[in-house]
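Here is the structure we will look at.
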Amino acid sequence: MESKKILLHACCGPCATHCIEVLRNEGIEPVLFFSNSNIMPKEEYDKRLEAIRMLAERVGVELVEDKYDNEAWRASIASYENEPEGGKRCTMCFTYNLSRAARYAIKNGFTSFTTTLTVSPHKNSEQIFGVGDMLAEVASEQGSPLVFEHYNFKKQNGFFNSVKLAKEYGLYRQNYCGCCYSN
């Protein structure tokens, strides 16, 4: 029997490690979607891209690399640059990256998507779920049935497991979310 597939927006290789495990344990095969135009500088983006490529090869998961477009991302968060961490700027950032994942999902026949962002103890899962649900609702209203799956990957020590697995796999692990406005 073939596994159900899900598009997994991935912020980085280390966070994706635990999420892939969780999904596969549920009989769901993730397809990684690396879309992170928020990451700055470009050298940091390249390090994270290389780490997720290494992970995808190591665990045998498909990886889709979205186009890096920091200018478009900056335009999407314009006037929110001074918002506090976890505030409206982050909501706008989640919306930018997850909308790209939703569009890819629809174009490529996925019926559901989710994100690795919820593995971080620094990210509000409810905030992320709200953005994902809104994008899925818009897609469905436009005739493309799409569900945002609510995986709170930080549960059951998800973050600590991702750190452990990243070390085990020798993956580069960053020390900030990626955007130049994060603390």
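Can you find a residue in segment 93-102 that is in contact with a Pro (Cβ under 9 Å, 6 or more places away or on another chain), buried (at least 18 other Cβ atoms within 10 Å of the Cβ) and closer than 20 Å to Lys4 by Cβ?
No, there is no match, as no residue in segment 93-102 is in contact with a Pro (Cβ under 9 Å, 6 or more places away or on another chain), buried (at least 18 other Cβ atoms within 10 Å of the Cβ) and closer than 20 Å to Lys4 by Cβ.
Report whether or not Ser35 is among the polar types (S, T, N, Q) and closer than 18 Å to Ala101 by Cα.
Yes, satisfied.
Could you check how many residues of segment 163-183 are at pLDDT 95 or above and part of a loop (DSSP other than H, G, I, E, B)?
2
Residue under question is Thr118, and the condition is that it be part of a helix (DSSP H, G or I) and surrounded by fewer than 20 Cβ atoms within 10 Å (Cβ to Cβ); does it hold?
Against the criterion (part of a helix (DSSP H, G or I) and surrounded by fewer than 20 Cβ atoms within 10 Å (Cβ to Cβ)), Thr118 does not qualify.
Yes or no, residue by residue, for (1) over 16 Å from the mean Cα position of the chain (by Cα); (2) at pLDDT 95 or above:
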{"site": "Ala72", "(1), (2)": "yes, yes"}
{"site": "Tyr80", "(1), (2)": "yes, no"}
{"site": "Ile106", "(1), (2)": "yes, yes"}
{"site": "Gly109", "(1), (2)": "yes, yes"}
{"site": "Phe113", "(1), (2)": "no, yes"}
{"site": "Ile128", "(1), (2)": "no, yes"}
{"site": "Asp133", "(1), (2)": "no, yes"}
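Return yes or no: is Ala78 among the aliphatic types (A, V, I, L, M), touching a residue at least 40 places away in the same chain (Cβ under 8 Å) and either surrounded by fewer than 16 Cβ atoms within 10 Å (Cβ to Cβ) or over 20 Å from Lys167 (Cα atoms) (or both)?
no
Are there any pairs, at least 6 apart or on different chains, whose C-beta atoms fall under 6 Å, with the first in segment 149-167 and on the phi < 0 side of the Ramachandran plot and of a type in the set (A, V, I, L, M) and the second part of a helix (DSSP H, G or I) and crowded, with 18+ Cβ neighbours inside 10 Å, and if so, which?
Partner pairs satisfying both residue conditions: Leu165/Thr17; Ala166/Pro14; Ala166/Thr17.
Hand me the list of helices (runs of 4 or more DSSP H) wholly inside segment 7-111 holding 1 or more residues that are of a type in the set (Asp, Glu).
Values: elements: 13-25, 42-59, 70-77, 88-107.
Answer list for segment 7-111: 13-25, 42-59, 70-77.
Tell me yes or no: at least one residue of segment 147-162 is surrounded by 16 or more Cβ atoms within 10 Å (Cβ to Cβ), touching a Lys or Arg at 6+ places or on another chain (Cβ under 8 Å) and part of a helix (DSSP H, G or I).
no
Six or more apart or on different chains, Cβ under 9 Å: which pairs go from a residue in segment 52-71 that's over 23 Å from Cys179 (Cα atoms) to one that's assigned to a helix (DSSP H, G or I) and among the acidic types (Asp, Glu)? Could you list them?
That search, which allows pairs on different chains as well, returns Val59/Glu21.
Does segment 5-12 contain any residue that is within 17 Å of Val119 (Cα to Cα), surrounded by 18 or more Cβ atoms within 10 Å (Cβ to Cβ) and out of contact with any Phe, Trp or Tyr (no Cβ under 7 Å at 6 or more places or on another chain)?
Yes, that holds for at least one residue.
Which residue is surrounded by the fewest Cβ atoms within 10 Å (Cβ to Cβ), if the candidates are limited to segment 123-146 and must be out of contact with any helix residue (DSSP H, G or I) (no Cβ under 9 Å at 6 or more places or on another chain) and not charged (D, E, K, R)?
Gly143
The values are calculated or read from the model by the stated rules, or taken from the named source; none is laboratory data. Just so it is clear, the model here is predicted, and its values are computed rather than measured. Please note: Cβ atoms are built from the backbone with ideal geometry, for glycine as well, and neighbour counts cover all protein chains shown.
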